[in-house]
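> Have a look at this one before I ask anything.
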Amino acid sequence: MTQAEKPTQRPEHAKQVCNVCGKPSASTICDTCANRVRGEALERKKHEEKLNS
Ligand SMILES: [Zn+2]
């Protein structure tokens with residue numbers, strides 16, 4: 001049994017991709033999605049603040 005070794009790490013050829021859109025990215029989330037998420041979070045915050053006031 002020599003071929004049963006299952007690597008727990010990602011294959012080397014698997015580059016890091018954005019967790020949101022799946023495109024190759026330098027980090028877990030690409031700039032595009034980071035900006036979008038940031039904007040959505042901001043809008044949500046504004047909305048909540050409006051509801052609370
Ligand atoms: Zn992305």
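Read-outs throughout are calculated quantities, based only on the coordinates presented, and are distinct from any laboratory measurement. No experiment lies behind these values; they were computed from the predicted model shown. Cβ placement follows ideal geometry from the backbone for every residue including glycine, while neighbour counts extend to all protein chains displayed.
> Show the residue pairs that are 6+ apart or on different chains and have beta-carbon atoms under 6 Å apart, the first residue being within the stretch 27-53 and without any contact (Cβ under 8 Å) to a residue 24 or more places away in the chain, the second being of a type in the set (S, T, N, Q) and part of a loop (DSSP other than H, G, I, E, B).
Pairs that qualify, where the first residue is without any contact (Cβ under 8 Å) to a residue 24 or more places away in the chain and the partner is of a type in the set (S, T, N, Q) and part of a loop (DSSP other than H, G, I, E, B), are Thr28/Asn19; Ile29/Asn19.
> Here is a follow-up. Taking the stretch 14-38 on its own, how many of its residues are more than 8 Å from the ligand (Cβ to nearest atom), of a type in the set (A, V, I, L, M, F, W, C) and either part of a loop (DSSP other than H, G, I, E, B) or in contact with an Asp or Glu (Cβ under 8 Å, 6 or more places away or on another chain) (or both)?
Number of matching residues: 2.
> Among the basic types (Lys, Arg) and near the ligand (Cβ under 10 Å from one of its atoms) - does that describe any residue in the stretch 41-50?
Checking the stretch 41-50: not a single residue is among the basic types (Lys, Arg) and near the ligand (Cβ under 10 Å from one of its atoms).
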